[in-house]
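> Questions regarding the structure given below will be posed in turn.
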Amino acid sequence: MPDEPVEKLGLRTLEDISALILHSHDLQETLDNIVNLVAKRMASDVCSIYLLEEDGETLRLHATRGLSRLSVGITMKTSEGLTGLAVESRGVVATDNAPLHPRYKYFRQTKEEKVLSFLGVPFFERKNPIGVIVVQNREARTFTPAEISAVSTIAWQISSIVSNAKLLDSIRKKEEERAYYAAEVERLTKGGVLKSPGTPKRASSHQAVLTGIGIAPGFAAGKVSILNRGLREEPVLERARPRAEEHKRLLIALEKARIQTIYLEKRVGEMLSEADAAIFHSHLMILEDRGFTGKITTLIDEGLGAERAVSEVVGHYIAAFSQMEDPYLRERSADMEDIGRRLVDALSGNHRSQEKLKENRVIIARELLPSDLATMDPGKVIGIATEKGNLNAHAAIMARALGIPTVFGVDGLLKLVGVRSEVIVDGTSGCVYLNPDQSVKLEYQRLQGEFDLKQRALEGIRELPAVTPDGCRIMLYANIGLISDLRVAHLNGAEGVGLYRTEFPFMTRNAFPDRYEQASVYRKVLEGFPGQPVTIRTLDIGGDKGLSYFPHPKEDNPFLGWRSIRVSLEREDIFREQLAGVLLASPHGRCNLMFPLVSGVDEVRAIKRILEEVKEELTREGKPFDREIGLGIMVELPAAVLVAEMLAKEVDYFSIGTNDLIQYTLACDRNNQRVKKWYDPYHPAVLHSIKKVADAAAGAGKPATLCGEMAGEPINAILLMGLGIRSFSLSAPCIPQVKEAIRHIALARARRIADRVLGMESALAIRSYLEVAQRELGL
Ligand code: PEP
Ligand code: MG
């Protein structure tokens, strides 16, 4: 091994691999470069990458450093050898004496008889293994956990490039299938005039109420600014210049688009977070992809102008992405369009960014892309309405983070809105009013007035503590998911972060971030609340939350399946990397660790054992971290409620996750509209469970926070306070209204309400009783 510390080695290697990916032009070149780099950095005699063939049982050697060059291309079954074992067991295989291992198999072509130690780490695409990276040494070498962790992280990166390459490849194949027809169409249109689609007739005085999806709450009323139509609707040049000139123009445009993309990545990283900016990294990869650029070049060779060649190729990609079953991949068609438009703009000297945007405009667009928001001056935009897009689009996440009232998914918007139109965007209800008449305008002015008044009144209590009139101090923390939520949390007077859902930064990426990348995100959250507690929850994936790059088995009952802490405890490599990330960030604030979906004491002990090992590893490496970091669990399973007294002895605090506790107590899927009426926070079983957990925590002298959505309703917060809860973690915009209620209602009164409710047998009766209480309390 080289004498530099292992984690530094891992980090440097990962950084270099990122650079390799960025500068390689095809999969083979990238894999060759990776095996060379890893073999060198790990001082291993052999490093090889095997990919699984489509039959799911044949592994083919794709790249190697150290084995005979002739062996590239050899195949083996997953049922044979240690490499096959890594795929079959879906886990790491490590040994310092491979020939003694019962699964060892000798492959003549590889000349590997001289090799003693073996480390094989499989990598996955979504649900399935797709390959293995193998590191081997001639001498007996025991691979340390840190080395295994470094290779595992490299394996994640490989999986993302292999799946990207496969995706591009399958798109290419589909294109080839259509080639015959495309060629026919080409022949027919060649030399003809490509018609601009023409401007749809718009009646600037037409009145209408349109509905879409409310993306970011609030109202905006004013004049519109219509962004250019989409890429495919841009008029394009009719006649191509000489071929050499078109090729040169394309090269320059690609370079310009690359520079612009790097700039966008930087700017979004600064404005929002690195996680939000990660998407531009994939844009860069596509701009560098040989298949993508080669296709454009071919069309230019066939006589098309560069703009039109770009539009055609991008159009094919968009069509292919739009047909994908997976919603995440479908949404990537928007990214493809974004890239295409940046290229066409670079070719035509056009700037789509809103340089000429006037003050106080509502942006109207067919679709808003991440780069539109990144280049927009948010100070000039009062609202946004688009035809396409949904809640999970990157642009939606960004609009929410910027706090601009936004509605997406408004059918027929562009046909109806004209340059002289006026609109009202209601991001709360998802309505867009077109050329509203005087009565609608007045109504919205009234609503806006009320909204402002309420905001101002609530702003007045932002700095005040949440204390009941009889002196009970309640702590109000924020639930956050993205770095950009920190701003909203502060605006609403949060006293810390009670729940940081770490799966969200993982979701906006293409591969697992390593411990250092994670530490830098967690550090930002901690530094966002200096001196105040920040509770970082470990990955809660599974159920309805998936990561595009992480394999997940198909399950009949995902919410009863392999999710959350169960994944962490079985994929210790990922878990350890995350724990290390949190610990590395911990000196930068008041950090607590929290574990989701815990069912009992055995899991807590397993968590503690792993945490101790990670702490020891960091200690050995001389890394500072908070040795007293708080360790808490989410109570969201009926099992945890029943053994709450036992659990209270094991942990520093509880956080009751009612979103899941209700679903598991009442056996009622939290996302299923069909069974919505059974998902009832007022069911006596739910309320008695909360009481039991609060009592168990109090009995052990440990705090119990509640972080489910139900606490966002002021009357619920009062009831929960009466049941013994003394701190809440809420969606930040709910904090002011809950604080106002707490400051007006005595704990004694809340206790009386809770006692009454605990004596009731029916959810219906509890609901009616609380409705009356709410009116009486003026909530
Ligand atoms: C909960 O289950 O109440 C909770 C806060 O966690 P999540 O909503 O992230 O599952
Ligand atoms: Mg939960």
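The values are calculated or read from the model by the stated rules, or taken from the named source; none is laboratory data. Nothing here was measured: the structure is a model prediction, and the numbers come from that model. Using ideal geometry, Cβ is built from the backbone for each residue, glycine included, and neighbour counts are taken over all protein chains shown. SASA here: full protein model, heavy atoms, side chains in, ligands and nucleic acids out. Shrake-Rupley method; radii C 1.70, N 1.55, O 1.52, S 1.80 Å.
> Compute the length gained on full extension between Lys415 and Arg752: take 0.36 nm times their separation in residues and subtract their Cα-Cα distance, giving the result in nm to one decimal.
115.6 nm
> From the backbone phi of the range 746-756, what are the Karplus-calculated ³J(HN,Hα) couplings (6.51 cos²θ - 1.76 cosθ + 1.60, θ = phi - 60°) in whole Hz, Gly and Pro given as x?
So the Karplus estimates, Gly and Pro as x, are 5, 4, 4, 5, 4, 5, 5, 4, 4, 4, 4 Hz.
> Work out how much length Thr298 to Asn128 would gain on full extension: take 0.36 nm times their residue separation and subtract the Cα-Cα distance, in nm to one decimal.
That pair, Thr298 and Asn128, stretches by 57.7 nm at full extension.
> Can you figure out the FRET efficiency of Ser768 with Glu450, using R₀ = 35 Å and their beta-carbon distance, to the nearest 0.05?
Once the sixth-power term is evaluated, E becomes 0.80.
> Give the calculated FRET efficiency between Asp437 and Ser322 to the nearest 0.05, with a Förster radius of 51 Å applied to their Cβ-Cβ distance.
Working from the Cβ atoms, E equals 0.85.
> If you put +1 on each Lys and Arg Cβ and -1 on each Asp and Glu Cβ, how big is the dipole of the range 584-691 around its Cα centre, in Debye rounded to 20?
360
> Right, another one. Roll a 1.4 Å probe over the protein chains and send me the accessible area per residue for the range 408-549 in Å².
Spelled out: the 1.4 Å probe surface of the range 408-549, per residue, equals 40 Å².
> With a 10 Å radius around each residue's Cβ, average the other Cβ atoms per peptide and rank 26-36, 66-76, highest first.
26-36, 66-76
> Between beta-carbons, use under 14 Å as the cut-off and find the net charge around Ala697, counting Lys and Arg +1, Asp and Glu -1.
+1
> Residues of the range 611-638 with backbone nitrogen within less than 19 Å of a virtual label 7 Å along the Cα-to-Cβ line of Arg473, please, listed as ranges.
Residues passing the 19 Å test: none.
> While we're looking at this one, here's another question. About its Cα centre, what dipole magnitude does the range 640-682 give when the only charges are +1 on Lys and Arg Cβ and -1 on Asp and Glu Cβ, stated in debye to the nearest 20?
In debye, rounded to 20, the range 640-682 gives about 340.
> Sorting Phe559, Phe321 by accessible area (1.4 Å probe), largest first, what list results?
Phe559, Phe321
> Once each part is reduced to its C-alpha centroid, what is the distance from the range 741-779 to the range 89-110 in angstrom?
Rounded to whole Å, the Cα centres lie 65 Å apart.
> Kindly flag which residue pairs out of Lys40/Lys114; Lys388/Lys524; Lys649/Lys691; Lys223/Lys454; Lys649/Lys676; Lys256/Lys295 have an alpha-carbon separation exceeding 24 Å in this structure.
Cα-Cα > 24 Å for Lys388/Lys524; Lys223/Lys454; Lys649/Lys676; rest within.
> What number comes out for the charge environment of Arg90, summing +1 per Lys or Arg and -1 per Asp or Glu over other residues with Cβ under 10 Å away?
Net charge in that neighbourhood comes out at -1.
> Tell me the net charge near Thr58. Cut-off is 11 Å between Cβ atoms, Thr58 excluded, with +1 for each Lys or Arg and -1 for each Asp or Glu.
Taking every Cβ under 11 Å from that of Thr58, the sum is -3.
> I would also like to ask the following. Wrap a convex hull around the Cα atoms of the range 693-745, take a quarter of its surface area, and give that in square nanometres.
So the Cα hull casts an average projection of 3.4 nm².
> Work out from phi, with θ = phi - 60° and the Karplus expression 6.51 cos²θ - 1.76 cosθ + 1.60, the ³J(HN,Hα) of each residue of the range 699-714, listed in order in whole Hz, and give x for Gly and Pro.
Result, ordered by residue: x, 9, x, 10, x, 10, 9, 10, 10, x, 4, 4, 6, x, 7, x Hz.
> With the other protein chains left in place, how much accessible area per residue, in square angstrom, belongs to the range 620-779 at a 1.4 angstrom probe?
Per residue, the range 620-779 has 44 Å² of solvent-accessible surface.
> If you place +1 on the Cβ of every Lys and Arg and -1 on the Cβ of every Asp and Glu, how big does the dipole about the Cα centre of the range 645-769 come out, in debye to the nearest 20?
340
> So, with a 1.4 angstrom probe, what is the percent of accessible area on the range 555-660 that is carbon and sulfur?
Summing carbon and sulfur atoms, their accessible area is 51 percent of the total for the range 555-660.
> Taking a spot 7 Å from the Cα of Asp652 along the direction of its beta carbon, which residues of the range 526-551 have an amide N less than 11 Å from it?
533-536
> Based on the Cβ-Cβ distance of Tyr106 and Asn36, what FRET efficiency does E = 1/(1 + (r/R0)^6) give at R0 = 30 Å, to the nearest 0.05?
The computed FRET efficiency comes out at 0.75.
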